[in-house]
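Working notes, beginning with the structure itself.
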Amino acid sequence: NGDLKVGQKINTNIFSATTIRNNNILLDTTATITAISDTVITFDQPIKLRFFIANGTSLDTVYATGFDAASQTITLDPSINYDSLATATAANPLIIRGAVLSATTSMVSIVGNVVTVNKPLINIDNLGIVSIGNPSSKPATKTITGTLRLIGIGTLASTVPLVTDGSTVSYEGSANRIGGSPIWAYNNLTVNQQNQTSAVVSSQAFINGILSILSGKVTSTSSSRGITLNENATFPSPATDSCYVSTPLAKVFTSTTPFTYYLGGSYKGFAQPRKVILTPKTAEAKTYSVGFYPSKIPNFAKIDITTIKVIDTVSNYNVVVYGHAAGIDTSAQITFQFDPTLNPADSYKDSSLVLARYNGSKYTAVSAPVIFNGTLPFNLTTAGYDTAFGRYTFATVGSILVPVKLSGVTAIALVNKTIKINWSSANELSVGKYIVEGSVDGVKFSTKGTLTAKGSSNYSFVDATPSAGINYYRIKAIDIDGKVSYSTIVSAKQILAGTISIVNPVKNKQLSFVLSTDAANYTLKVTNVLGQSILSKTIAHNGGTSTYSVSLPSSALAGTYFVQLTSSNNQSTKTIIVE
């Protein structure tokens with residue numbers, strides 16, 4: 001505003017500049033000019049520059065003690081509290097653009113593409129949106145250093161790729177958003193939500209350091225938007241069982257070190273924390289994604305009846321492997337946590353549980369069966385290293401590993417409408433008695449009879465009053481000290497009249513069988529080991545004893561098949577060998 005002279009007093013009313021990033025800088029002091037040389041003005045005391053920074057549609061004021069034109073860096077006055085910069089709202093976000101702020105005690109500084117949080121970025125009321133952009137509108141990755149704390153319903157947004165190098169982003173509000181577009185990579189991510197609410201993954205996010213859940217959960221706006229932990233990332237046990245990830249969680253492996261996924265979900269108002277431990281067989285690089293779904297399981301009616309009786313229809317896990325080179329070994333051993341939150345644990349007590357996986361056509365057992373004793377949580381592990389992956393759930397089975405003392409348990413239907421149960425015992429020095437238990441559904445058992453132990457021997461018991469249809473049996477061994485153990489569960493269907501005999505092996509593709517029953521129409525069905533039907537035929541039996549011969553199709557190759565003959569009151573299933 002006119003000529004400047006040595007000895008002149010200068011204040012904000014007469015001095016201004018508009019050359020720095022299109023933002024005004026105003027002199028905020030009263031000082032005396034002591035020298036003038038070209039474009040350099042020297043004052044007799046330090047001065048403050050009042051700098052306006054865009055905050056939505058308004059301008060915020062910050063104070064600086066110096067400006068470096070070469071680096072376009074303003075050094076902020078360390079005596080000023082700059083928390084006012086964090087009072088942006090969704091309508092008026094705080095926009096930090098370019099390399100314009102720098103000070104060791106400032107809240108935020110940006111040098112080049114590095115955003116440094118020198119003091120925790122906090123606002124206990126409403127942080128609103130902190131938007132980090134790029135002045136040239138070109139994709140340039142921004143790097144955050146320091147600790148960034150978002151309190152309230154604040155959201156950290158970015159129009160460019162964002163990484164946090166050696167720093168921690170702590171979400172301490174309510175429904176804070178994790179991730180962004182384009183891709184974000186966190187170093188340490190802390191979820192510490194108010195009132196146990198959930199932080200929401202709005203876009204795929206990556207973590208290189210530590211994922212910590214101190215309070216609340218991690219959910220997602222879509223099943224395709226999850227979190228990926230890179231090879232060196234860790235996931236310590238959450239603070240409580242109510243803290244977990246309720247979205248697909250992926251982990252990059254480059255070793256055979258086991259990793260624990262802390263997962264969960266909510267179904268009909270019940271929180272369902274879960275834990276999965278995955279161990280790759282080899283150290284070759286690959287990524288395993290695991291998700292837990294407390295909801296109706298797909299294809300729940302398709303089960304392998306030879307290994308499974310009933311499956312859990314309201315919860316399941318899904319395991320996917322990707323991100324690996326062609327031809328490498330992706331097999332892994334996986335332990336899943338069973339916790340019947342929606343059903344009383346007593347419903348499963350003393351049941352034989354097994355892990356089941358859907359193989360594309362039906363659920364089949366992929367673990368050894370174990371008797372559930374009611375203690376929670378209860379884990380089941382794949383038998384060896386699984387290779388197919390996909391959807392897993394828990395199931396009860398009709399055939400389990402026989403306890404050491406009991407063997408050869410069978411149930412045989414007799415023509416006089418009774419069922420005979422046989423078993424053998426060895427090493428029974430401490431056994432006091434055996435109780436034969438029966439059931440119509442294989443879950444709830446009641447006592448059918450009691451036999452006193454007589455030393456290593458064979459035992460038989462006849463159920464004179466079996467129920468119509470299939471009957472299930474198990475042997476309960478009670479030691480003299482009161483300890484209880486159970487045998488395998490076996491089954492037999494009551495025969496109303498007669499017997500069925502199937503000739504085995506099958507020669508020249510001629511399947512022969514003998515019916516010694518009352519008159520009835522029988523359905524003959526032959527299936528291969530994949531469950532595919534190769535023959536279905538109706539046999540009209542006139543009663544008495546008759547021999548039948550049926551030609552198998554020419555496509556029936558040598559191998560194992562299953563034959564089932566069924567009438568309204570009779571059924572026989574047998575494994576045959578076709579030569």
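The values are calculated or read from the model by the stated rules, or taken from the named source; none is laboratory data. All figures in this text were calculated on a predicted structure; none of them were measured in a lab. All Cβ positions, even for glycine, are placed from backbone atoms using ideal geometry, and neighbour counts span all protein chains on display. Ligands, DNA and RNA are excluded from the accessible area calculation, which covers all protein heavy atoms including side chains. Shrake-Rupley method; radii C 1.70, N 1.55, O 1.52, S 1.80 Å.
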Rg [Å, one decimal], Dmax [Å, integer] - region 266-346, C-alpha atoms: 15.6, 47
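In terms of solvent-accessible area of protein heavy atoms at a 1.4 angstrom probe, what is the ranking of Phe338, Phe206, highest value first? Mind showing how you got there, number by number?
On the way: Phe338 5, Phe206 55 Å².
Ranking Phe338, Phe206 by accessible area, largest first, yields Phe206, Phe338.
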Qualifying trypsin sites (Lys or Arg not before Pro) in region 189-297, DSSP loop, other Cβ atoms within 10 Å at most 16: Lys268, Lys281, Lys296
Cα-based convex hull volume of region 182-329 per residue, rounded to whole Å³: 141
Radius, Kirkwood style, for region 516-579 when every pair of distinct Cα atoms is counted (Å): 12.6
Cα-only radius of gyration and Dmax that characterise region 464-579, units Å: 17.9, 61
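What is the percent carbon and sulfur in the accessible area of region 486-579, measuring with a 1.4 Å probe over the protein chains and ignoring ligands?
On the way: 2300 of 4710 Å².
Taking all protein chains in place, region 486-579 shows 49 percent carbon and sulfur surface.
Past the 24 Å Cα-Cα mark, which pairs from Lys281/Lys309; Lys448/Lys493; Lys420/Lys574; Lys217/Lys286; Lys275/Lys296; Lys309/Lys448?
Numbers: Lys281/Lys309 30 Å; Lys448/Lys493 16 Å; Lys420/Lys574 19 Å; Lys217/Lys286 26 Å; Lys275/Lys296 19 Å; Lys309/Lys448 22 Å.
Correct reply: Lys281/Lys309; Lys217/Lys286.
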Solvent-accessible area per residue for region 153-295 (1.4 angstrom probe, square angstrom): 37
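Calculate, in whole percent, how much of the Cα-Cα pair population of region 198-240 lies beyond 12 Å. Could you put the intermediate results ahead of the total?
Values: 556 of 903 pairs.
Distances greater than 12 Å cover 62 percent of the Cα pairs.
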